[in-house]
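Have a look at the structure below, then the notes.
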There are 4 protein chains.
Amino acid sequence: MDPRRTALLLVDLQEGTCGAEQASQRPGFHGLFRQRTLPALQRALALARRQGFEVIHTVIANLTADGRDRSLDYKRCGMGFPPGSAQTRVIAELAPLADELVLPKSSSSPFNSTALDYLLRNIGIERLIVAGILTDQCIDHTVKDAADRGYRVICLTDACMAESLERHQAALDCFRGYGELIAVAELAERLGRRGNLDGAAQRDAVAPQPSLNQDADA
Amino acid sequence: MDPRRTALLLVDLQEGTCGAEQASQRPGFHGLFRQRTLPALQRALALARRQGFEVIHTVIANLTADGRDRSLDYKRCGMGFPPGSAQTRVIAELAPLADELVLPKSSSSPFNSTALDYLLRNIGIERLIVAGILTDQCIDHTVKDAADRGYRVICLTDACMAESLERHQAALDCFRGYGELIAVAELAERLGRRGNLDGAAQRDAVAPQPSLNQDADA
Amino acid sequence: MDPRRTALLLVDLQEGTCGAEQASQRPGFHGLFRQRTLPALQRALALARRQGFEVIHTVIANLTADGRDRSLDYKRCGMGFPPGSAQTRVIAELAPLADELVLPKSSSSPFNSTALDYLLRNIGIERLIVAGILTDQCIDHTVKDAADRGYRVICLTDACMAESLERHQAALDCFRGYGELIAVAELAERLGRRGNLDGAAQRDAVAPQPSLNQDADA
Amino acid sequence: MDPRRTALLLVDLQEGTCGAEQASQRPGFHGLFRQRTLPALQRALALARRQGFEVIHTVIANLTADGRDRSLDYKRCGMGFPPGSAQTRVIAELAPLADELVLPKSSSSPFNSTALDYLLRNIGIERLIVAGILTDQCIDHTVKDAADRGYRVICLTDACMAESLERHQAALDCFRGYGELIAVAELAERLGRRGNLDGAAQRDAVAPQPSLNQDADA
């Protein structure tokens, strides 16, 4: 697999969602994220850069001062951060390099509020590795949209998190049929030992038989 | 609320997914669907038609004989039914009326493989009532996409089903933040007694305060 | 060039726009179309089928009886034909074969009211050959949209027509920068003699130098 | 007409396309633009700001250093400017105010490479006033796409320009059927005297009769 056809998409890993301030506001999530998820994200990012994968970051950010450009859903929920505010910055541990795309988004799926699909096509991406937060919201939505739009999807399970471990795990079960769910260590193992991303079972082969359950070959 | 601005979207309720043949192939799902979900769907459909809501059906259907037009994900899973085949027909209990739209789809979210968003905008729809199958796949995806694209979403919980009750319930928790989750009886009550669809808590008011958790006001 | 990666797109060649009834309603256009454009279209269609190109037809057709699903622009102009009406049928001279896609559209560009882009991606199309009517409206729009979305575009100049030859010619000048403009005879020549679609000048090579005028290499 | 439902869209008016450097590179265009088009653009911008219209600027700008994110068409033509370069800056005469959107684009129509449609919907825009360059390329494409997507379109004819007056005029004839084509003075007159944007002939009324020619009521 050509590394130039693979992208790592890091979803909403910014000060306003998982920065230091969250320690007091959402201590349960903060603990989980810092101890379990962030180290896995750092390993995944290092791996992707070493391979020469395209790295793309999304951040929740309004484009206007009053957030009138946000989706109705984000207005209704009070979600969104002012353009240029500290809350829209990717956390320092995962800071973007100079030529990595950082896409402001104001919806659940980046496919709905950014030009992500257009950009991926132009760059020539065929495989999308997804990680970030929250597993049951933007991650679930991103994985499903990417599958619908023709990308081969890998979701890095230990590099995602929800408000609780229970929600995180339930969400993985919810979108299991839309891609491969593997840990970062498995990604490293595939890249290191075999030099390619395909799973042992060759699950990307197009199945000839109809089956009702999308999970059938997962 | 103007009834002409509301649509009922019935997702994938066709012979190939929930028709009589499923009794032998997927007995667990078939029992749940026939006993619990189908009666609720029939009530919802009757209500919507009585109110003059736009009614839109989606069915999983390829447009080409060999299914080459399907999403990569559906090819990979072996999902899809030949154009014009019995499997693509809406089940008789929910059969479309003459001027109800029936949209063939070949992806998880109808927003990704049909002109649904364009059609809803042209018709003037602002509120989308979603029901059908499977709760953790196409329903979850449809609810999230509709919320992202500016529709006020109501999901009829008892008129949706997954492969198991556990998956069904877990999925509802997964997308609870993206719209209102109510039973068909509650829909009937709102329409009958109060003549409008808004919940008691006026939850559609745009919240002024930022909050991280999309579920905050759900 | 793999024939399976090329599609011929025939735009709006239906009874309601260029059928026999137009002889009395739009005699000028009808004469031009029947004498000049239709023979070229027939040759192009035969060529495409012989090569095994994907053939896709669009027809202007509402999906609802009152046309409420049409774009605001089509409502405003009174454009549109009832679903299933004779006016929505591709004219007999260009009648679709069994497995050729026929997409109902209700906007100027098929990319805006159908799932065309999604279908082309799934089928694996990289090159789009465009022909049909009207040169300055749907054809211009289709060529520009196809170029924006990453397809290599060939427009068959003699297989397109506008309300007048002057408008036809002016439109060709308008979108010349977005693709290759060739006659059907040139297409036949390329396919017959050289067996591929690329122009002599290798104009599809990606130019290294910035230039302001999109027409520069046309 | 509520001013908050109207936007002025200024297309590609940046250093790299119409800045001072163009005087030597494209003297013909530069003369036309500076003498005829720029004054009209400045009047239109002042009018829009006074009315409280949303003002949105697009600029041709790559998001990556090597432009790999551009459309295939822009790669092929060598079109595009590095992110952050002087060439991507809106010219000083039309400099954006603090809360005006500036959208980087890498395709002909801003609807194809930016989230413009999503943003307009969220902001609540129903009417789009279009001006900028080039009349036969991005302007024609933007007007047609906006009409397809349900916006009422006004194109300010004297605030647009092509490489030559002939191309400019031919393009106006090409897309005349997709919106209202008026001069900036007419816009000012409508806003000043009558306080609304609707033309005398009430041309936005939805026509009841089918007609083949989109130009019929233009």
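Every number in this text was worked out from the coordinates using simple rules, so none of it is lab data. Small disclaimer: the values here were computed from a predicted structure and weren't measured. Heads up, the Cβs are rebuilt from the backbone with ideal geometry, glycines too, and the neighbour counts pull from every protein chain shown.
Taken over region D:117-141, the criterion of being touching a residue at least 12 places away in the same chain (Cβ under 8 Å) and basic (Lys, Arg) is satisfied by D:127 alone. The requirement of being touching a strand residue (DSSP E or B) at 6+ places or on another chain (Cβ under 8 Å) and more than 11 Å from chain B (Cβ to nearest Cβ) is satisfied by residue A:123.
Applying the criterion of being without any contact (Cβ under 8 Å) to a residue 12 or more places away in the chain and at the interface with another protein chain (Cβ under 9 Å from one of its Cβ atoms) to the residues of region A:83-99, the residue that is farthest from residue C:118 (Cα to Cα) is A:98.
Only residues that are farther than 19 Å from residue D:168 by Cα and either of a type in the set (Phe, Trp, Tyr) or in contact with a Pro (Cβ under 8 Å, 6 or more places away or on another chain) (or both) were counted across region D:20-59, and they come to 7.
Here residue A:46 clears all of (1) free of Cβ contacts under 8 Å to residues at least 40 places away in the same chain; (2) buried (at least 23 other Cβ atoms within 10 Å of the Cβ); (3) over 16 Å from residue A:134 (Cβ atoms) except the condition numbered (2). Residues that are within 14 Å of chain B (Cβ to nearest Cβ), more than 30 Å from residue D:118 (Cα to Cα) and crowded, with 22+ Cβ neighbours inside 10 Å do not occur anywhere in region A:74-82.
Here's a check for you: in region D:162-187, which residue that is of a type in the set (A, V, I, L, M) and within 13 Å of another protein chain (Cβ to nearest Cβ) is nearest to residue D:133 (Cα to Cα)?
D:162
Would you call residue C:102 among the β-branched types (Val, Ile, Thr), more than 8 Å from every other protein chain (Cβ to nearest Cβ) and in contact with a helix residue (DSSP H, G or I) (Cβ under 6 Å, 6 or more places away or on another chain)? No. All conditions in (1) touching a residue at least 24 places away in the same chain (Cβ under 8 Å); (2) within 9 Å of another protein chain (Cβ to nearest Cβ); (3) of a type in the set (Ser, Thr, Tyr) hold for residue B:157, with the sole exception of (2).
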